[in-house]
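Below is one structure; the comments refer to it alone.
The values are calculated or read from the model by the stated rules, or taken from the named source; none is laboratory data. Keep in mind it's a predicted model, so treat the numbers as computed, not measured. All Cβ positions, glycine included, derive from the backbone under ideal geometry; neighbour counts span all protein chains shown.
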Amino acid sequence: MKNDPPLLHGTFVKRYKRFFTDIRTADGELLTLHCPNTGSMKNCQVEGSACWYSLSDNPKRKLAGTLEIVTTSQGQLAGVNTSRPNRLVYELIQAGLVPELSGYQHLRTEVRYGEEKSRIDLLLEDSALGLCYVEVKNVTLDMGQGLAAFPDAVTSRGSKHLRELMAMVAAGHRAVLFFCVQLSEAERMEVADEIDPLYAKTLSQAVAAGVEVIAWRAKMSADEIVLEKPINCLQDLPAPVPAD
């Protein structure tokens, strides 16, 4: 995904009221940006660290800019704009770069499905291969030493999505959980069971039920954000436990 125009460089000051971030521009101006991230952004709020942002020419916006990339407490770049991962994964699949998800005739986005009134991020369809439901999650929790983790906060919505994916597998379809790891030096990814034990438990059940898991790392710069390579994931996933 090309950034057109390129992202602008600034210095992170603080995040507050969940969706507001103050940064200092290269010219020294204090600027309030929209923070498009509903998570805790744990380890991603380092005062005085480098960050990058975009500006909009939409006159109806209350905040003209959007926080895009920050520097973590471990020194990695982290992509915090959660509107980007679906597009990044879409482009990757469209380019035929994910062997596990190749060969499908059609690719649709934001399709309603399931008994819990969800929308699947990506739906792959093929007359021979059938249906493949792909749920995309953005990963920014930097645990150090190349380890990324998800989630960074309790996510009841994430657990709901896992239940929906399990239901699709039970109905005879494929279901994939795709972790878009927007951490510049991540080499492996694990579930943060200490942050959300229920999500970890549900994920264990989902994998045992046949939900597939894929993780790719992003490469980020002012000019471009792309998914560059698959990384190991869920090597230390807790053993599956029976559903309650």
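Just checking, which of Asn43, Asn138 is out of contact with any His (no Cβ under 8 Å at 6 or more places or on another chain), of a type outside the set (Asp, Glu) and assigned to a strand (DSSP E or B)?
Step by step, each of Asn43, Asn138 is checked, and only Asn138 is out of contact with any His (no Cβ under 8 Å at 6 or more places or on another chain), of a type outside the set (Asp, Glu) and assigned to a strand (DSSP E or B).
Residue check, Leu101 against (1) surrounded by fewer than 21 Cβ atoms within 10 Å (Cβ to Cβ); (2) touching a residue at least 40 places away in the same chain (Cβ under 8 Å), all met but one. Which one?
With (1) surrounded by fewer than 21 Cβ atoms within 10 Å (Cβ to Cβ); (2) touching a residue at least 40 places away in the same chain (Cβ under 8 Å) applied to Leu101, the lone miss is (1).
Test Val80 against the stated conditions and say whether it is crowded, with 19+ Cβ neighbours inside 10 Å, out of contact with any Phe, Trp or Tyr (no Cβ under 7 Å at 6 or more places or on another chain) and not assigned by TED's automatic domain parsing to the domain that holds Arg157.
yes
Could we say that Tyr133 is in a loop (DSSP other than H, G, I, E, B), over 14 Å from Thr21 (Cα atoms), of a type in the set (Phe, Trp, Tyr) and touching a residue at least 12 places away in the same chain (Cβ under 8 Å) here?
Considered against the rule, which asks whether it is in a loop (DSSP other than H, G, I, E, B), over 14 Å from Thr21 (Cα atoms), of a type in the set (Phe, Trp, Tyr) and touching a residue at least 12 places away in the same chain (Cβ under 8 Å), Tyr133 comes out as no.
Looking only at the stretch 121-152, filter to residues that are among the charged types (D, E, K, R) and within 18 Å of Gln45 (Cα to Cα); which one of those is surrounded by the most Cβ atoms within 10 Å (Cβ to Cβ)?
Out of the qualifying residues, it is Asp142.
Cβ-Cβ below 9 Å, separation at least six or inter-chain, first residue in the stretch 36-61 and closer than 16 Å to Val80 by Cβ, second among the aromatic types (Phe, Trp, Tyr) and modelled with pLDDT under 90: which pairs?
Hits for this filter: zero, empty list.
One residue is enough: does the stretch 160-172 have a residue meeting the conditions within 27 Å of Tyr104 (Cα to Cα), outside the structural domain of Gly39 (by TED's automatic domain parsing) and not in a helix (DSSP H, G or I)?
Checked against the condition, which is being within 27 Å of Tyr104 (Cα to Cα), outside the structural domain of Gly39 (by TED's automatic domain parsing) and not in a helix (DSSP H, G or I), the stretch 160-172 yields at least one hit.
List the number of the failed condition for Leu165; all other conditions in (1) within 15 Å of Ser118 (Cβ to Cβ); (2) touching a Ser or Thr at 6+ places or on another chain (Cβ under 6 Å) hold.
Every condition holds for Leu165 apart from (2).
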